[in-house]
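Here is the structure we will look at, set down as structure tokens.
The values are calculated or read from the model by the stated rules, or taken from the named source; none is laboratory data. As the structure is a prediction and not an experimental result, all values here were calculated from the model. Here the Cβ positions follow ideal geometry from the backbone for every residue, glycine too, while neighbour counts run over all protein chains shown. Calculation scope for accessible area: heavy atoms of the full protein, side chains included, ligands and nucleic acids excluded. Shrake-Rupley method; radii C 1.70, N 1.55, O 1.52, S 1.80 Å.
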Amino acid sequence: MKQSFFIKTYGCQMNVYDSEKIIELMTSGGYRQSSNPEESDIAIFNTCHIREKAAEKLFSDLGRISKYKENKIKSGSSMKIIVTGCVAQAEGDEIKKRNKSVDLIFGPQNYQNITDALEGKNEKYVYSDFLCEDKFESLPIRNSHEISRLVTIQEGCDKFCSFCVVPYTRGAEFSRPVEGIFLEVKKLVEMGAKEVILLGQNVSSYNSNVFEDGIKVSVKLSKLCNLISNIRGLERIRYLTSHPNDIENDLINEHYTNKKLMPFLHLPIQSGSDRVLKKMNRNHSRSDYINLVRNIKSKINNMAFSSDFIVGYPGETEYDFDQTIDLIEHVGFASSYSFKYSPRAGTQSSLKHLNVVNDNVSDLRLKKIQEILNKQQSEFNLKFIDKNEEVLFTDKGKKNNQFVGRTKYLQPVHVLCNRNIIGKKLEVNLESLTSFSFHGKIIN
Ligand code: SAM
Ligand code: SF4
């Protein structure tokens, strides 16, 4: 009988994409996916290192799974434990020192070697090279009829924000070749996808090239979106995450002309204080950000924005924090994520022994910022009540005859319908709002 594997994914959508690739790699290698870690022959943990909490979660999960492994060994069977992703890259062999039951460790650029390693084709157990080029084009595409699919187009980062581990765990910036991305999106659409979300740690700095009439032409994110929008059957294109310094006029113009490109931009700023932005090495000021948003809105009046914020960065004063709140009120976000600063080994801010913000103060700031962001999200949503919006339906709901989809702005919408509407883009009257999701009626 085929060996079974269980996989758990932590962290961002790039990890979700990587896990999809691992699943396809394993299933095409003859392994069977299982949802039960206890009974699996192989347990894979695809990890995130961005904040301490995410990394520590791995070690508590490893503690639990190693007990299952011991029991299996006692009963005469076996189990392999594999750690992939950013913790694997950052901590390598240290993982095995903390938990001896781990068998194999793969950084984010190395998981294409999993099946060979399981078959014992290599002696080593830690794979942490940075060979991004090798990875993408050699990996199979997961066979699925899902309506919205992720496609990583760019990896790594050269920006070195002082708090961030990404440049160390994912390596230098790398943009996938256009042809591979185009073929992948085309295949996903043939399988039934109607929406693609182009992913990258710095997706707006995507830069590759193609040959047109024998001449090498540069392809930035705007042109890539334009090229893939020609794929028949593809209805929506999204991308994330962007850095404010990389948003140029060509991309704004593409939003204006390309109706498949959704008018929603995730544009992290992290802090509204110039002093903190400088310490964070973000290389832009709060007014640069405000002007960028204003410029985009002046050209595309229905564009909505979301962002990421970090509170309690070393040295952040009450005044700095108030500047962040002021920026939030000034810009007005459709939705946002906020985090308490987490020192990460090896990053500039963890090395400098800066003025640490008291934990209770950070907690209070996080609570306050989240209340304000939630209020803004509700205010943004309330403007849609009684309006008609185009909704792309992706899934069945929990109730009978219920379907769930998303508006252009990623707002979840539930409707009741007695025919299958998964994959359909329909006009819906948004009647009511529960928390952050709408209930609506399909317009004939
Ligand atoms: N490339 C994106 C950008 O430039 O903003 C962000 C990518 S990062 C994977 C996602 C988010 O995690 C960041 O925007 C930041 O808010 C948060 N983050 C990163 N490092 C962090 C840290 N050390 N502590 C708390 N939050 C962190
Ligand atoms: Fe991390 Fe984003 Fe800064 Fe790169 S630009 S270092 S991914 S926060």
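In the range 6-18, the count of residues that are farther than 19 Å from residue 105 by Cβ and assigned to a loop (DSSP other than H, G, I, E, B) is one or more. In the range 143-161, what residues are farther than 23 Å from residue 110 by Cβ and either of a type in the set (Phe, Trp, Tyr) or more than 9 Å from ligand 1 (Cβ to nearest atom) (or both)? Of everything in the range 143-161, those that are farther than 23 Å from residue 110 by Cβ and either of a type in the set (Phe, Trp, Tyr) or more than 9 Å from ligand 1 (Cβ to nearest atom) (or both) turn out to be 143, 144, 145, 146, 147, 148, 149. The number of residues in the range 304-326 that are more than 14 Å from ligand 1 (Cβ to nearest atom) and in a helix (DSSP H, G or I) comes to 8. Answer yes or no: is there a residue in the range 199-213 that is in contact with a helix residue (DSSP H, G or I) (Cβ under 9 Å, 6 or more places away or on another chain) and either acidic (Asp, Glu) or open to solvent by 50 Å² or more (accessible area, probe 1.4 Å) (or both). Yes: one or more hits. Taking first residues from the range 338-351 that are more than 11 Å from residue 314 (Cα to Cα) and near ligand 1 (Cβ under 7 Å from one of its atoms) and partners that are of a type in the set (Asp, Glu) and assigned to a strand (DSSP E or B), the Cβ contacts under 9 Å between residues at least 6 apart in sequence or on separate chains come to 339/308. Number of residues in the range 81-124 that are in a helix (DSSP H, G or I), in contact (Cβ under 8 Å) with a residue 12 or more places away in the chain and of a type outside the set (Asp, Glu): the value is 15. Per the conditions (1) within 14 Å of ligand 2 (Cβ to nearest atom); (2) hydrophobic (A, V, I, L, M, F, W, C); (3) farther than 27 Å from residue 379 by Cβ, the sole criterion not satisfied by residue 345 is (1). Only one entry of 202, 249, 245 meets the criterion of being more than 17 Å from the chain's Cα centre (by Cα), within 16 Å of ligand 2 (Cβ to nearest atom) and on the phi < 0 side of the Ramachandran plot, and that entry is 245. Applying the condition of being open to solvent by 10 Å² or more (accessible area, probe 1.4 Å) and over 16 Å from the mean Cα position of the chain (by Cα) to the range 155-172 and asking which residue is farthest from ligand 2 (Cβ to nearest atom) yields 172.
Only one entry of 240, 183 meets the criterion of being within 13 Å of ligand 2 (Cβ to nearest atom) and either open to solvent by 10 Å² or more (accessible area, probe 1.4 Å) or free of Cβ contacts under 8 Å to residues at least 12 places away in the same chain (or both), and that entry is 240. If the condition is being touching a helix residue (DSSP H, G or I) at 6+ places or on another chain (Cβ under 6 Å) and either within 24 Å of residue 169 (Cβ to Cβ) or open to solvent by 30 Å² or more (accessible area, probe 1.4 Å) (or both), then the range 345-365 contributes only 346. The residue of the range 295-313 that is nearest to ligand 2 (Cβ to nearest atom), among those that are of a type outside the set (Gly, Ala, Ser) and surrounded by fewer than 19 Cβ atoms within 10 Å (Cβ to Cβ), is 308. The criterion of at least 2 residues that are touching a helix residue (DSSP H, G or I) at 6+ places or on another chain (Cβ under 7 Å) and surrounded by 14 or more Cβ atoms within 10 Å (Cβ to Cβ) is met by none of the strands (runs of 3 or more DSSP E) falling completely within the range 403-444.
Only residues that are touching a residue at least 12 places away in the same chain (Cβ under 8 Å) and open to solvent by 60 Å² or more (accessible area, probe 1.4 Å) were counted in the range 224-234, giving 2. Considering only residues that are of a type outside the set (Lys, Arg), within 17 Å of residue 42 (Cβ to Cβ) and part of a helix (DSSP H, G or I), which ones fall in the range 60-80? Within the range 60-80, 61, 62, 65, 66, 68, 70, 71, 73 meet the criteria. Can you find a residue in the range 140-154 that is within 30 Å of residue 283 (Cβ to Cβ), within 16 Å of ligand 2 (Cβ to nearest atom), within 18 Å of the chain's Cα centre (by Cα) and not in a loop (DSSP other than H, G, I, E, B)? For the range 140-154, residues within 30 Å of residue 283 (Cβ to Cβ), within 16 Å of ligand 2 (Cβ to nearest atom), within 18 Å of the chain's Cα centre (by Cα) and not in a loop (DSSP other than H, G, I, E, B): present.
The residue of the range 19-65 that is most open to solvent (accessible area, probe 1.4 Å), among those that are small (Gly, Ala, Ser) and farther than 30 Å from residue 345 by Cβ, is 35.
Exactly one of these conditions fails for residue 193: (1) open to solvent by 10 Å² or more (accessible area, probe 1.4 Å); (2) more than 22 Å from residue 267 (Cα to Cα); (3) among the small types (Gly, Ala, Ser). Give me its number. All conditions pass for residue 193, except number (1).
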